[in-house]
1. Just read off the accessible area of TRP19 with the full protein assembly in place, 1.4 Å probe, to the nearest 10 Å².
2. Any chance you could give the angle, 0 to 90 degrees and rounded to 10, that helix 59-81 forms with the longest Cα principal axis of the chain?
3. Provide the packing ranking of 27-35, 70-78, i.e. peptides ordered by the mean count of other C-beta atoms within 10 Å per residue, highest first.
4. Heads up, I need the accessible area for GLU103: 1.4 angstrom probe, whole protein in place, Å², nearest 10.
5. Hey, what did the chain get for relative contact order, percent, Cα under 8 Å, at least 6 apart?
6. Give the angle, between 0 and 90 degrees and rounded to the nearest 10, that separates the Cα long axis of helix 36-55 from the longest principal axis of the Cα atoms of the chain.
7. Could you work out how far helix 2-28 tilts from the main Cα principal axis of the chain, as a 0 to 90 degree angle to the nearest 10?
8. Give me the Debye-computed log₁₀ of I(q)/I(0) at q = 0.16 Å⁻¹ for the stretch 59-112, equal point scatterers on Cα only, no solvent, two decimals.
Amino acid sequence: MVLDIFSWAAIVILSISYWFQIYKIQVHKEVRDLSLSYNILLAIGFGILAGTAYVEKSLIFLVKQIATTIPVIIIIIQIIYHKRDRWHDENDPSCASCKEEMEPYWKHCAFCGEKKQAKTEESA
């Protein structure tokens, strides 16, 4: 009985974690840090395991696989839809080579691969 409660709670927690990712993508329209291939492989794996759970007639395993497969498929759709969108921050530096916006912690530009140039202080 206690194990069943913890198992169902784990399914809810796992599913909610994916829905938080979906919400974050929806708000920021930013997907450049997400891997499309990773999420596709995840969806395929979850889908295969859902089929296995169905064949084995394991309700809890089937629900878990469906509860995680659906949000991963939504994430894949969001990645494809928002792949050209960028979250903009005025304080982020631009690449000296291609002029694309870079995150402050990047050492290389994600767009052209050039090494980030150190900031030079302007003399007054």
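1. Taking all protein chains as shown, TRP19 has close to 110 Å².
2. Tilt of helix 59-81: around 30 degrees.
3. Details: 27-35: 13.2, 70-78: 18.4.
The packing order, highest mean first, is 70-78, 27-35.
4. Surface accessible to solvent at GLU103 totals approximately 40 Å².
5. Dividing the mean separation by the residue count of the chain yields 25 percent.
6. Compared with the principal axis, the helix lies near 0 degrees.
7. With both axes taken from Cα atoms, the answer is about 30 degrees.
8. -0.65
The values are calculated or read from the model by the stated rules, or taken from the named source; none is laboratory data. As the structure is a prediction and not an experimental result, all values here were calculated from the model. Every residue, glycine among them, receives a Cβ derived from its backbone with ideal geometry; neighbour counts consider all protein chains shown. Calculation scope for accessible area: heavy atoms of the full protein, side chains included, ligands and nucleic acids excluded. Shrake-Rupley method; radii C 1.70, N 1.55, O 1.52, S 1.80 Å.
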